[in-house]
Amino acid sequence: MGEGLGVRLLFLSLLFLSPSLHAQKGTFRVMFWNVENLFDTRHDSLKNDKEFLPDASRHWTYSRYKKKLANVARGITAVGGWTPPALVGLCEVENDNVLRDLTLYSPLKEQGYRYVMSHSADERGIDVALLYQPDRFKLISANSLFPGVPTFPSRPTRDILHVSGQLLTGDTLDLLVAHLPSRSGGAKQSEPYRLFVARKIKATADSLLSVRLHPKLIIMGDFNDYPTNQSVAKVLNATIPPAQIEPKKLYHLLARKAKATYFGSYKYRGKWGLLDHLIVSGTLLNPKENLFTNEEKANIARLPFLLTEDEKYGNVQPFRTYNGMKYQDGYSDHLPVYTDFQFTQSEY
C-alpha cells in the first residue's frame, strides 16, 4: 500500500512540476497584403479620392467595389488554407467604411475578424490596418504613429500603425504595420522620404525592444524598397538571420529568398522584386521560446488566381484590379507575404 501511494504521489508531483505535460502546441499564420486601392464609392471632401467615384474616369461603381471586397476576402481566406490567418496587415485601405464592409459584409464575415487602422494625413486618404481574430489575439492597444515632419519639402504620408496584443501563450506581441512613401519621381529622388519614415519605425522598434521584458516584435509592410535598399538594410538593419541570433536585433524573414531571380511580391517592367517585408525581433527566431518562426516558414502566396499572364514581358504577373485605367476585375498589383508561428500554450 505504501509503495503504491508513493508512485502516485511521484506522478502527481511530476504532473504539476512539468508544464510540458499540459502544453498544447499549435501554429498561427501572420500575413501582409497591399490590396491596391481599396476605396469605397463615396467622396471624402478632405481627401483626393475623386478618382475612385462612380462618375470618375475609373468608373468605380458600387458593384465593382463589392467585387473588390469579395476578391480581398477570397485572397485572405486562401492564404490561410485550412485555418484563416490570425493576423492580417493591410495597406491601401481608405477608411473605416471599407474595413467594416470587409469584415462584416463580405465573405470574410464568417472568419470573425475585427480591425484597427491608422488615420493619417495621406492626401489620397489611404491607410494601413490590422485584422485580428479576438479569440487568438487579445487586443491591448492600437496607436497611429505620426512619422513627423522632415526638414525637406514633402507631402503627408501614411502613419505607422502600432498594435499590441496578448496571445494564447500569454506573451505580448507588438506589431508595426507600415506603408512607406512611393517611388514617384524616381527611386533615388524619393528615397529621403522613405528613409525618414524608416527612422521613425526604427526608433519605435528600439524603444519596444528596450522596454519589453521579453520583446516579441513583428514589422510588416510595403516599404516601396527592396531588402538591399538603405531603409531596410541600413536604417532598420534588418539582416538575413545568421547562425547566432541576437534577441534584440531585427531579422528579415524573406531577404535570403529574395535573392532568387523570380522571387518577389511585385513585378516592375518584367522583373520581380520584394517590396513587402516581414521583419522580426531575434526573440521570435528562438525555437526554445513558446512562440517562434524561421525563414523556412515565411513565403509569398503565389496562388494561381492571384496571377495572370504577363503579355508584355512573358510568364505571369499579379492579377491587378486595374491595369492602367483598364478595369480587370483582379485582386491586387502585389502578392501577399506570410509566415507561420509555432506556439506552445501551457495549461494549469
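None of the figures in this text is laboratory data; all of them are computed from the coordinates on show. Please read all numbers here as calculations on a predicted model, not as lab measurements. As a convention, Cβ positions derive from the backbone with ideal geometry for all residues, glycine included, and neighbour counts pool all protein chains shown.
Residues whose amide H lies under 5 Å from that of Gly221, counting only those 5 or more places away or on a different chain, are Ala178, His277; hydrogens are built 1.01 Å from N in the peptide plane.
Rg(Cα) of the range 162-271 divided by 2.2 N^0.38 Å? Could you put the intermediate results ahead of the total?
On the way: Rg = 15.1 Å, N = 110, 2.2 N^0.38 = 13.1 Å.
After normalising by residue count via 2.2 N^0.38 Å, the value is 1.15.
A straight chain from Ser154 to Ser141 at 0.36 nm per residue would run longer than the Cα-Cα distance by 1.7 nm. Distance between the 7 Å Cα→Cβ label points at Glu309 and Ala78: 1.8 nm.
Pop a pseudo-label 7 angstrom from the Cα along the beta-carbon direction at both Tyr62 and His119 and give the gap in nm to one decimal. Between Tyr62 and His119, the label points sit 2.6 nm apart.
How many nm is it between the label spots at His43 and Ala260, if each spot is 7 Å from the Cα in line with the beta carbon? Placing both labels 7 Å along Cα→Cβ, they lie 4.8 nm apart.
As a check on your grasp of the helix formula, calculate [θ] at 222 nm for the chain: sum -39500 (n - 2.57) over DSSP H runs of n ≥ 4, divide by the residue count, round to the nearest 500.
Numbers: 4 runs with 69 residues, N = 348.
Estimated from H runs of four or more residues: -6500 deg cm²/dmol.
Short-range pairs are left out: with C-alpha atoms under 8 Å and at least six residues apart, the relative contact order of the chain is 19 percent.
For the range 22-346, the calculated P(r), taken from all Cα-Cα distances in 20 Å bins from zero up to the bin holding the longest distance, is 33, 61, 6, 0 percent.
In angstrom, the C-alpha Rg and Dmax of the range 72-222 are 16.2, 49. Amide H contacts for Asn290 (H built 1.01 Å from N in the peptide plane; partners 5 or more residues away or on another chain; cut-off under 5 Å): none found.
Could you work out the relative contact order of the range 49-207? I mean the mean sequence separation of Cα pairs under 8 Å and 6+ apart, divided by the number of residues, in percent.
16 percent
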